[in-house]
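Comments concern the structure below.
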Amino acid sequence: MTTRPDVFGSVHLGYLVVETEKFTDWRRFGTDAIGMHHDDLSRDLMRFRLDDHACRFLLRRGPAEDVVALGWHLDDHTTFERIEARVRAHGVPAVAGTAEEAKLRGVERLLRFPGPKGIAQEIYTTPLTSSEPLRMRASGWVTGDSGMGHVAITSARPALMRGYFDTVFDARLTDYIDETIGGVKLKIRFLRVNERHHSIAVAAVQGLPIDPVRTRVQHVNIQAASLDDLARSYRRVHELGFDMALSVGQHTNDKELSYYARTPSGFEWEVGWNPLVIDESTWEPGTHQGISIWGHTPVGRTILDRLGQFRLGARSLLHPEKTVPALSGAGIPDD
């Protein structure tokens, strides 16, 4: 039996593409509140930077108010070709990005293919760097071998989603969290593709095939370089009048200190600091009860918000979640 080459460790979350009509609000949120570097490209395009990479967030004008693509930085062309071969071998269409699309994302050699919940997956090898000095309110952000952070996605088909990221990127299960929020029981699966505790988190309502979140992505995370950066951005979010979703707290599994703000598009934005780094030689998956050791208190949440979530969950039954069965296998059941 031939074992396929493993690409784990050679994959890193590199950028996100957001579609929005709220450019003015996003500019204030990303630059003045969170503290990232901002570049206007045109009336319909802008970018945020965290480091010397030319692009970490590409915002394009459109109605989705959501994350529409994830970009994955691969270590080399061999890894690129292995992943491309996997996708095509399963009969899934993969399209090379145009030179203009690659330039906007600050990358060379771009390939796009379908992903869960309609979020396009894009892979690339060489990121373009910028010599322009960073203009940021933050002292810096942690990227490097861990990638630029993580995304969390709610799903009514969590086994298929886990199967997808295993098939494409050889993702490994880090751990689980069992949590009850507003009387709803959730199981959250944390998947890693490198030393970062997780690059993808998949949250599902236990026992019910519903999705209580409007957006395809529930939250996006970036990692602050210092505790002072986290505290200062938390204060700026409040002072500038942006909604806070969860106050500062510490997670049970990766021990990250963080808070969650609401973006102008509606999904949440987590700024974190000091999560643990996985040691592959010793790590064993486990289950934690509750997302937080302390803090992460909901801010300004009312009964109307909870009713709205239940309505969204009920509505999701009428609109089946987009999956990519050919790349998901039979799905990976819980261990």
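The values are calculated or read from the model by the stated rules, or taken from the named source; none is laboratory data. It should be emphasised that the depicted structure is a prediction, and the values quoted were computed from it without experimental measurement. Neighbour counts run over all protein chains shown; Cβ positions are idealised from the backbone, glycine included.
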Residues in region 1-32 that are more than 19 Å from G115 (Cβ to Cβ), assigned to a loop (DSSP other than H, G, I, E, B) and β-branched (V, I, T): how many?
2
Of the residues in region 152-194, those that are part of a helix (DSSP H, G or I) and surrounded by 21 or more Cβ atoms within 10 Å (Cβ to Cβ) come to P158, L160, M161, R162, G163, Y164, F165, V168, F169
If a residue has to be aliphatic (A, V, I, L, M) and more than 15 Å from the chain's Cα centre (by Cα) to count, how many in region 255-271 make the cut?
1
Condition met for D44 (closer than 18 Å to D170 by Cα, at pLDDT 95 or above, acidic (D, E) and surrounded by fewer than 17 Cβ atoms within 10 Å (Cβ to Cβ))
no
State whether the residues of region 98-112 include one that is touching a Pro at 6+ places or on another chain (Cβ under 9 Å), surrounded by 14 or more Cβ atoms within 10 Å (Cβ to Cβ) and over 18 Å from G14 (Cβ atoms).
no
Of the conditions (1) surrounded by 15 or more Cβ atoms within 10 Å (Cβ to Cβ); (2) at positive phi, A69 clears all except one; give me its number.
(2)
Look through E108, E100 and report the one residue that is acidic (D, E) and either at pLDDT 95 or above or under 20 Å from R262 (Cβ atoms) (or both).
E100
Suppose the filter is within 18 Å of F190 (Cβ to Cβ), modelled with pLDDT under 95 and either out of contact with any strand residue (DSSP E or B) (no Cβ under 8 Å at 6 or more places or on another chain) or exposed (fewer than 15 other Cβ atoms within 10 Å of the Cβ) (or both); does D334 pass it?
yes
Need the failing condition index for P133 against (1) in contact (Cβ under 8 Å) with a residue 24 or more places away in the chain; (2) surrounded by fewer than 21 Cβ atoms within 10 Å (Cβ to Cβ); (3) part of a loop (DSSP other than H, G, I, E, B), just the number.
(1)
Hey, can you tell me all the residues within region 237-255 that are surrounded by 18 or more Cβ atoms within 10 Å (Cβ to Cβ) and either at positive phi or of a type in the set (D, E, K, R) (or both)?
D254
Can you find a residue that is out of contact with any strand residue (DSSP E or B) (no Cβ under 6 Å at 6 or more places or on another chain), in a loop (DSSP other than H, G, I, E, B) and among the small types (G, A, S) anywhere in region 120-130?
yes
Give region 195-210 a look and list any residue that's in a loop (DSSP other than H, G, I, E, B) and over 12 Å from V277 (Cβ atoms), or say none.
S199, Q206, G207, L208, P209, I210
Does V95 satisfy the condition of being hydrophobic (A, V, I, L, M, F, W, C) and touching a Phe, Trp or Tyr at 6+ places or on another chain (Cβ under 6 Å)?
no
Residues that are outside the structural domain of T263 (by TED's automatic domain parsing) and under 22 Å from G144 (Cβ atoms): list the strands (runs of 3 or more DSSP E) wholly contained in region 43-101 that include at least 3 such residues.
45-49, 66-74
May I ask you to verify whether T215 is hydroxyl-bearing (S, T, Y), assigned to a loop (DSSP other than H, G, I, E, B) and either surrounded by fewer than 22 Cβ atoms within 10 Å (Cβ to Cβ) or more than 12 Å from the chain's Cα centre (by Cα) (or both)?
yes
Do we find that R4 is surrounded by fewer than 17 Cβ atoms within 10 Å (Cβ to Cβ) and under 30 Å from F169 (Cα atoms) in this structure?
yes
